[in-house]
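Please treat every number below as a calculation from the coordinates, not as lab data. If you're wondering where the values come from, they're calculated on a predicted model, not measured in any experiment. In this analysis, Cβ positions are derived from the backbone assuming ideal geometry, glycine residues included, and neighbour counts consider all displayed protein chains.
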Amino acid sequence: MDKIAYFRECIQTLLTHYAKDDISSDEVEVQLIFDTQRAHYQWMNVGWQQFERI
């Protein structure tokens, strides 16, 4: 495995572990977005907390 593939795998694993431990309610959803072709990684909390959009 080359360095870039190894680092991509590490980033995805790390974000997955952090997102799993994220505190979210029934109204807030944790979303992981991985665009491996362009090496873009995103962790989002999406939903409503009282009357505010998260």
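Per-structure values
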| item | result |
| --- | --- |
| Label-reachable residues, segment 5-22, where backbone N falls under 13 Å from a point 7 Å from ASN45's Cα toward its Cβ | 19-22 |
| Under 5 Å, built H, 5+ apart or other chain: amide partners of ILE54 | GLY47, TRP48, GLN49 |
| Neighbour cut-off at most 16 other Cβ (10 Å), DSSP loop, chymotrypsin sites (Phe, Trp or Tyr not before Pro), the chain | PHE51 |
| Surface/4 estimate of mean projected area, convex hull on alpha-carbon atoms of segment 3-53, nm² | 3.8 |
| Low-density loop cleavage sites - GluC sites (Glu not before Pro) in the chain, where at most 13 other Cβ are within 10 Å (DSSP) | GLU27 |
| Label-point separation in nm, LEU32 to ALA5, each point 7 Å along Cα→Cβ | 2.0 |
| Dipole axis of the chain (+1 Lys, Arg; -1 Asp, Glu on Cβ), positive-most option in ILE54, MET44, GLN12 | GLN12 |
